[in-house]
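*Asks:* What follows is a structure written as structure tokens; I'll ask about it next.
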Amino acid sequence: MNLVRKTVDNTYNLFRNLIFRLTINDPEKAHERFIELSDLAHKYGFDKLLFDNKENYRQNKFDISNAGGFNKNGNIPPQFLRYLGFDRIEVGTVTADPWLGNPERPRIWRFPPATLVNCLGLPGVGAEQIAENLEKYGKHNVPVTMNVMSTPGKKGKELLDDIASSIKTTRGLHEVDRFILNISCPNTRCGLGVNARKKYQDELRSYLGVMDKEVLSWQKYGVKVSPDLTEEDIEATIELLTKSNASYIVTTNTTAKHNPEHINPSPGKGGASGAALYYLSLRTQRMFEKKLDEVQSKIEIIAVGGIDSAD
């Protein structure tokens, strides 16, 4: 089985440059083909044959998951991702209503060797369809995290009801044991993330109230933060989180800051990931760690952003 997996990996490495060349003007197409391939491989049982090997089951000191946005609609089979080596999967960002996202393509840009900028705008098929997508995969052994936020354009009570609806629709699905509140997407009304001192402080408090009420008692939830927060933002965010039932902070989402060292020319919009995100994400993570330690909080940190290896 390991030999088969190695052959598949080597074959992909041979065709990778060709795939990237064919999708250079619209990298989103490469991801769409990957979703189709994963569903086809799982449907006919090829995923276990081609991708399963003993390395998928070694015990690490940490779990590995995909990041939000990779499996937006829950239409990548959970077991397929398990065979690729993921210990859990994340689905979303989930909104209660379907949303097309930003209409003009391309909405993703590649900047070799290791940076992406995306301006998708939170597209998705809506919570009910996502629930149906996941249910069709039946029983599996892969823990699931649901990444939730309100449908763009919602305000006030309607916004809070939207988040609550997504949680209610998905919290009873098989293996769903975590939720992430995505308050930091740079491609929607969220702007640069939560500025907890000003406009977003009251909003974040309200969001956390919804999470405390709707997430089941045995499930955990956390908040995904922006890498562009100031030290004051971080302190105020922690103050609010410690008064809620939040269990973890996800550091971080993509950045609205386009470092010309990695992104040139900049598309002038969108959130950067990969190499362009690494140091900003690490800076924010370390600052959260320091501030959490100062208040002796037990809130955990989940690292994401710019990571390119287990080391």
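The values are calculated or read from the model by the stated rules, or taken from the named source; none is laboratory data. This one's a predicted model, so the numbers in the text were calculated from it and none came from an experiment. Please note: Cβ atoms are built from the backbone with ideal geometry, for glycine as well, and neighbour counts cover all protein chains shown. In case anyone asks, the SASA skips ligands and DNA or RNA and just uses the protein heavy atoms, side chains included. Shrake-Rupley method; radii C 1.70, N 1.55, O 1.52, S 1.80 Å.
*Asks:* For Val176, indicate whether it is farther than 20 Å from Leu100 by Cβ, modelled with pLDDT under 95, β-branched (Val, Ile, Thr) and open to solvent by less than 60 Å² (accessible area, probe 1.4 Å). Before the answer, list the steps.
*Replies:* Numbers: farther than 20 Å from Leu100 by Cβ: yes; modelled with pLDDT under 95: no; β-branched (Val, Ile, Thr): yes; open to solvent by less than 60 Å² (accessible area, probe 1.4 Å): yes.
Spelling it out, it is not the case that Val176 is farther than 20 Å from Leu100 by Cβ, modelled with pLDDT under 95, β-branched (Val, Ile, Thr) and open to solvent by less than 60 Å² (accessible area, probe 1.4 Å).
*Asks:* In this structure, is Ala67 touching a helix residue (DSSP H, G or I) at 6+ places or on another chain (Cβ under 9 Å) and either aliphatic (A, V, I, L, M) or without any contact (Cβ under 8 Å) to a residue 24 or more places away in the chain (or both)?
*Replies:* On the way: touching a helix residue (DSSP H, G or I) at 6+ places or on another chain (Cβ under 9 Å): no; either aliphatic (A, V, I, L, M) or without any contact (Cβ under 8 Å) to a residue 24 or more places away in the chain (or both): yes.
No: the conditions fail for Ala67.
*Asks:* Would you mention how many residues in region 32-64 are surrounded by 14 or more Cβ atoms within 10 Å (Cβ to Cβ) and touching a residue at least 12 places away in the same chain (Cβ under 8 Å)?
*Replies:* Result for region 32-64: 13.
*Asks:* Taking only pairs six or more apart or across chains, which ones have beta-carbon atoms under 9 Å, a first residue in region 272-292 that is more than 17 Å from Thr237 (Cα to Cα), and a second residue that is in a strand (DSSP E or B) and small (Gly, Ala, Ser)?
*Replies:* Once the first residue is more than 17 Å from Thr237 (Cα to Cα) and sits in region 272-292, its partners that are in a strand (DSSP E or B) and small (Gly, Ala, Ser) give Leu277/Gly271; Leu280/Ala272; Leu282/Ala303.
*Asks:* Between a first residue in region 141-156 that is over 19 Å from Leu173 (Cβ atoms) and a second residue that is open to solvent by 20 Å² or more (accessible area, probe 1.4 Å) and assigned to a strand (DSSP E or B), which pairs have beta carbons less than 7 Å apart while being 6 or more apart in sequence or on different chains?
*Replies:* Hits for this filter: Thr151/Trp99; Pro152/Trp99.
*Asks:* From the list Asn56, Asn102, Asn71, exactly one residue is among the polar types (S, T, N, Q) and modelled with pLDDT of 95 or more. Which is it? Steps first, please.
*Replies:* Values: Asn56 fails: modelled with pLDDT of 95 or more; Asn102 fails: modelled with pLDDT of 95 or more.
Result: Asn71 is the single residue among Asn56, Asn102, Asn71 that is among the polar types (S, T, N, Q) and modelled with pLDDT of 95 or more.
*Asks:* Also, quick follow-up: Would you please name the residue that is nearest to His140 (Cα to Cα), looking only at residues in region 67-81 that are of a type in the set (A, V, I, L, M) and open to solvent by less than 30 Å² (accessible area, probe 1.4 Å)?
*Replies:* Across region 67-81, the extreme among qualifying residues is Leu81.
*Asks:* Counting only residues that are out of contact with any helix residue (DSSP H, G or I) (no Cβ under 9 Å at 6 or more places or on another chain), in a helix (DSSP H, G or I) and open to solvent by 70 Å² or more (accessible area, probe 1.4 Å), which one in region 13-31 is farthest from Phe80 (Cα to Cα)?
*Replies:* Going through region 13-31, the residues out of contact with any helix residue (DSSP H, G or I) (no Cβ under 9 Å at 6 or more places or on another chain) turn out to be 13-18, 21, 24-26, 28, 31.
Those still in the list that are in a helix (DSSP H, G or I) too: 13-18, 21, 28, 31.
Checking which are open to solvent by 70 Å² or more (accessible area, probe 1.4 Å) leaves us with 13-18, 21.
Working: Asn13: 19, Leu14: 22, Phe15: 20, Arg16: 20, Asn17: 23, Leu18: 24, Arg21: 26 Å.
Within region 13-31, the match that is farthest from Phe80 (Cα to Cα) is Arg21.
Listed here are the residues, each with its yes/no results for (1) acidic (Asp, Glu); (2) crowded, with 20+ Cβ neighbours inside 10 Å; (3) over 20 Å from Ala67 (Cβ atoms).
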| position | (1), (2), (3) |
| --- | --- |
| Leu100 | no, no, yes |
| Pro113 | no, no, no |
| Lys139 | no, no, yes |
| Val142 | no, no, no |
| Thr145 | no, yes, no |
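*Asks:* Quick one: Ile130 ticks every box in (1) more than 29 Å from Ala275 (Cα to Cα); (2) touching a residue at least 60 places away in the same chain (Cβ under 8 Å); (3) buried (at least 24 other Cβ atoms within 10 Å of the Cβ) bar one, so which box is it?
*Replies:* Going through the list (1) more than 29 Å from Ala275 (Cα to Cα); (2) touching a residue at least 60 places away in the same chain (Cβ under 8 Å); (3) buried (at least 24 other Cβ atoms within 10 Å of the Cβ), Ile130 breaks only (2).
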